[in-house]
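The values are calculated or read from the model by the stated rules, or taken from the named source; none is laboratory data. Here the structure is a predicted model, which means the values were calculated and not measured. We place every Cβ from the backbone using ideal geometry, glycine too, and count neighbours over all the protein chains shown.
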Amino acid sequence: MKTIVITGAAGFLGSHLVDRMLAEEYRVIGIDNLITGDLKNLEHLKSEERFEFVEHDVTTFTSVAGGVSCILHFASPASPIDYLKIPIQTLKVGSLGTHNLLGLAKAKNAKFMIASTSEVYGDPLEHPQSESYYGNVNSIGPRGVYDEAKRFQESMTMAYHRVHKLDTRIARIFNTYGPRMRLNDGRVIPAFIGQILREEPLTVFGKGDQTRSFCFVDDLVEGIVRLLAAEYHLPVNLGNPDETTILEFAQELIGLTGSKSEILFKLLPEDDPLQRQPDIKLAKELLGWEPHITRREGLEKTIAYFKRLSPEELRHKEHRTFN
Ligand code: UDP
């Protein structure tokens, strides 16, 4: 049986990848230091013999007993309020963590994939964003810690590929949503759904004319599995090109849920990208992949998940510090 190591295993994407890799018949070792992850996301695997959880910070020396065929490095704080609260950990997991795991991959002769991000494009001046765009990133702004950590992560991964001939993959992941997101992580989808369920106004930042393109988690996981199987080492965008403004999105959610919530406009956070839409031509050609789950379908599944939370969890609000 092949062993796969997944970092960030207790997080939103990480835990979905654990499930998928178990379904693909791997033995899975999940690593997480639980600073933003939650063991609740792995609770259903308690009696799964092919799954092992290790609480560990990958920014320190990381080792695993026995053979490993693949490492997926998905550990990172991933929402703007997290980068503000724990900027140094965000930088370290993308840099030191990546270096340690590349070392582990080299020692085990394992395939290695990193979770890069559309944030490498910063506040993009090219639209939609294709892999050949170099980006427009403010290295010293509040989001810079995440953007630069991920850019460094890409550079380091390519260096190990070029120097040590490591079998590497770089997924550039655009906004993804679904069950197991943290209700209080400040990102727009859990924030709006939480506000609707608590019958509060929806907080739209700025005029709400900034755009995002949301991909449902199951589509993304399929893209990751296909990328892992492809012989391709340069970055590949994975996301859903279905673009919406944030204001239209708020109105869509209100319509979808029949909510009576109103819209409350708040200050736009610093360096909030004005537009974001993946160009997925490469993923289509290379992987025969494109998202299939419509926003309505994905949102219904996500809302159903949040509705199952306890009243205490629902009341626990996000604390954006910069508004
Ligand atoms: N946003 C908003 N209201 C909220 C949370 C976020 O209007 O309560 C906006 C935010 O300013 C950004 C977009 O929604 O333009 C997506 O934000 P998110 O934090 O989900 O992710 P980002 O794509 O900015 O990393």
| note | Of the residues in segment 296-317, those that are in contact with a Leu (Cβ under 9 Å, 6 or more places away or on another chain) and assigned to a helix (DSSP H, G or I) come to ARG296, LEU299, GLU300, ILE303, PHE306, LYS307, GLU313, LEU314
| said: Would you confirm, using the coordinates I've provided, whether ASN109 is surrounded by fewer than 16 Cβ atoms within 10 Å (Cβ to Cβ) and either more than 20 Å from the chain's Cα centre (by Cα) or without any contact (Cβ under 8 Å) to a residue 40 or more places away in the chain (or both)? | reply: yes
| Does any residue in segment 205-229 that is part of a strand (DSSP E or B) come within less than 8 Å, Cβ to Cβ, of a residue that is basic (Lys, Arg) six or more places away or on a different chain, and which pairs are these? | PHE205/LYS266; THR211/ARG276; ARG212/ARG276; SER213/ARG276; PHE216/ARG295; PHE216/LYS301
| Those residues of segment 75-90 which are more than 16 Å from the ligand (Cβ to nearest atom) and buried (at least 21 other Cβ atoms within 10 Å of the Cβ), in sequence order | ALA75, GLN89
| message | Return the pair list, or none, for Cβ contacts closer than 9 Å from residues in segment 268-291 that are under 15 Å from ALA171 (Cβ atoms) and in a strand (DSSP E or B) to residues that are modelled with pLDDT of 95 or more and away from the ligand (no atom under 16 Å from the Cβ), at least 6 apart or on different chains. | response | PRO278/SER130
| query | With respect to GLU231, is the statement that it is within 16 Å of the ligand (Cβ to nearest atom) and surrounded by fewer than 22 Cβ atoms within 10 Å (Cβ to Cβ) true? | reply | no
| Taking segment 99-133 on its own, how many of its residues are under 21 Å from ARG212 (Cβ atoms) and not hydrophobic (A, V, I, L, M, F, W, C)? | 15
| request: Give just the number: which of (1) modelled with pLDDT of 95 or more; (2) surrounded by fewer than 24 Cβ atoms within 10 Å (Cβ to Cβ); (3) among the aliphatic types (A, V, I, L, M) does VAL18 not satisfy? | output: (2)
| message | Can you find, within segment 186-204, the residue that is nearest to the ligand (Cβ to nearest atom) among those that are in a loop (DSSP other than H, G, I, E, B) and either farther than 15 Å from THR302 by Cβ or aliphatic (A, V, I, L, M) (or both)? | response | GLY186
